[in-house]
Amino acid sequence: MNADPTHAAAPAAETAAAPAAAKRLHRRLSAFDALLLTLSCLSPVFSVYGPGSEVLQQTGSGAAVLFLLGIGAAAVWGMVYAELGSAYPYAGGDYVGVGSVLGPAAGFVCLALWAAVIMPINAYLAKMVATYLGQLVPGAPPDVITFTALAIAVGIALLAVRTNALVTGIFLAIELLAVSTLVVAGFWHTPANIPALMAHPLLPGADGRWVPVAASAMALGAVSAAFATAGGNQAIAFGEELIDPHRKMGRVILIACLAGAVAIALPVIAVALSGGRDAAILRSPAPFSAFVASLAGPMAGRALSAAVALAIFNALIAQVLFSSRLFFSFARDGIFPSRVNAAMATVHGASGSPRVATLVAGITSAACCLLSSRVLLVFMSGLVVYGLALVSVAVLVGRMKGLTGKPGFWRSPLYPLVPVLGLALALAFAVADWTDPVAGRPSLLALGGLLLAAALWHHFVLKRRPGGWAPRLHH
């Protein structure tokens, strides 16, 4: 099942060559192109305004320390995914590597995890575009903005992947300009007592007095900061379009992860140190906009909100591209009925885009937009726990089996320290999710039940197919 179907078809008649070619993505992306797409998936401004705002509000100036630690956690995340992605740079992302190292059952469990969460992620981003544009255009119907943003993102995703890299790269440049504005403004007004602000973080209490931040809040904030800064693994799904992927993929993932982590952490650190003693900023529902408005007026705050909306829209485009590659790989590995598989595993000849898979991803994402944001968060919250745990175990076992870290592949240093730290990070995420009864705990339970069902489905159904089932490796 792991044989390369394009190589197997080579001796056959020429009439078989065209269908085989129609199922191959076009290998045209440079490392820089893949980096732009991956950083767009990360969306630094969205992470700053989302988890970054929450950590700032909960821990005050302590957020500076927590996001410094977050960069270290992101490095661990990036190295684990870089080793697996370098060995298995395929459109299916994590599940192909996990299944190749740990066996088909683990691969199908990982596939089911991504199948369950990727469409809710797209829907959540589309709703967030509507949220921030609604602040700029009061009275605009949120549902209209949500579905319009998703439709435009899908339309762009149907273009050639290099065109998408150019489009998302332009939006990313604007996003990084907004990040730089926050960093410069924050550090320009940094007070002299930085060590005291970081060593003894304070928050405004209910009575208006400044009180020390509780140790429990710092612990939960540390996990949130690590979650906010982690990323880069999305690059794996573009592996079949990346030139020389085994040699370049590891570096793309690690650079994207570290660059994204720094771009996310620096604004939070800067604002935490310069505005972390301002009660009005910490109590604002949008502390970063409040910080900019306090320095340059409300117009500047609204301009930054516009940059946030654009950044989230850019992330939506990149995530639709990412999800279409996953659906393409699902179909190619025979997950759906045969006619659906045949259509979704087809690549458009001129653009090199899996257009049917892209349209299916868009339609299912639109259906998820009918769910509330709270329900979408329940789908999404447990992803990093199970995903990071599976990948960390795959890297541990893969190096022992000689399947990862081969000569010419990227390999994590100080083995087995990095994958062990990856498992520890997954455990920390699990503890933090369990303490959240609104989204985190339901997500752990729901996704855990789903993964158990996927394992049973593989054992009782897929394993009994003629030849069984396993993720295929395509060269």
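Couple of notes before you dig in:
- Matching residues, region 153-162, being in contact (Cβ under 8 Å) with a residue 24 or more places away in the chain and in a helix (DSSP H, G or I): ALA153, VAL154, ILE156, ALA157, VAL161, ARG162
- The residues of region 280-305 that are among the small types (Gly, Ala, Ser), surrounded by fewer than 17 Cβ atoms within 10 Å (Cβ to Cβ) and touching a residue at least 24 places away in the same chain (Cβ under 8 Å) amount to a single one, ALA296.
- Lone qualifier among LEU258, LEU321, LEU316 - being assigned to a helix (DSSP H, G or I), surrounded by fewer than 24 Cβ atoms within 10 Å (Cβ to Cβ) and of a type outside the set (Gly, Ala, Ser): LEU258
- Top-ranked residue in region 200-255 [being part of a strand (DSSP E or B) and aliphatic (A, V, I, L, M); ranked as most open to solvent (accessible area, probe 1.4 Å)]: VAL211
- Filtered residues of region 54-92 (kept if hydroxyl-bearing (Ser, Thr, Tyr) and under 30 Å from ALA290 (Cα atoms)): THR59, SER61
- The set of residues in region 126-136 being open to solvent by 10 Å² or more (accessible area, probe 1.4 Å) and out of contact with any Pro (no Cβ under 8 Å at 6 or more places or on another chain) consists of MET128, TYR132, LEU133, GLN135, LEU136.
- Restricting attention to region 261-287, the residues that are farther than 22 Å from PRO44 by Cα and assigned to a loop (DSSP other than H, G, I, E, B) add up to 2.
- A single entry from PRO413, PRO419, PRO354 fulfils the requirement of being farther than 29 Å from LEU25 by Cα, open to solvent by less than 20 Å² (accessible area, probe 1.4 Å) and in contact (Cβ under 8 Å) with a residue 12 or more places away in the chain: PRO419.
- LEU113 being among the hydrophobic types (A, V, I, L, M, F, W, C), farther than 30 Å from TRP469 by Cβ, open to solvent by less than 10 Å² (accessible area, probe 1.4 Å) and touching a Phe, Trp or Tyr at 6+ places or on another chain (Cβ under 9 Å): no
- Residue match in region 363-377 (condition: polar (S, T, N, Q), open to solvent by 10 Å² or more (accessible area, probe 1.4 Å) and assigned to a helix (DSSP H, G or I)): yes
- Residue in region 90-104 that is of a type in the set (Asp, Glu), open to solvent by 10 Å² or more (accessible area, probe 1.4 Å) and at pLDDT 90 or above present: no
- Odd one out for ILE145 among (1) free of Cβ contacts under 8 Å to residues at least 60 places away in the same chain; (2) open to solvent by 70 Å² or more (accessible area, probe 1.4 Å): (2)
- Screening region 133-161 for residues that are modelled with pLDDT of 90 or more and not aliphatic (A, V, I, L, M) and picking the one that is farthest from the chain's Cα centre (by Cα) gives PRO141.
- For region 65-86, the set of residues classified as surrounded by fewer than 24 Cβ atoms within 10 Å (Cβ to Cβ) and closer than 14 Å to ALA217 by Cα consists of VAL65 only.
- Test: residue in region 21-37 that is modelled with pLDDT under 85 and assigned to a helix (DSSP H, G or I): yes
- Flag if GLY205 is touching a residue at least 24 places away in the same chain (Cβ under 8 Å) and more than 29 Å from MET380 (Cα to Cα): no
- Residue within region 460-469 that is of a type outside the set (S, T, N, Q), part of a helix (DSSP H, G or I), open to solvent by 30 Å² or more (accessible area, probe 1.4 Å) and free of Cβ contacts under 8 Å to residues at least 12 places away in the same chain present: yes
- Of the residues in region 430-450, not one is at positive phi, open to solvent by 20 Å² or more (accessible area, probe 1.4 Å) and free of Cβ contacts under 8 Å to residues at least 12 places away in the same chain.
- Pick from region 51-64, criterion in contact with a strand residue (DSSP E or B) (Cβ under 9 Å, 6 or more places away or on another chain) and open to solvent by 10 Å² or more (accessible area, probe 1.4 Å), ranking: farthest from GLY422 (Cα to Cα): GLN57
The values are calculated or read from the model by the stated rules, or taken from the named source; none is laboratory data. Note that the structure is a prediction, hence the values are computed from the model and not measured. Here Cβ is always computed from backbone atoms with ideal geometry, including for glycine, and neighbour counts include all displayed protein chains. Surface areas here come from the heavy atoms of the whole protein model, side chains and all, with no ligands, DNA or RNA. Shrake-Rupley method; radii C 1.70, N 1.55, O 1.52, S 1.80 Å.
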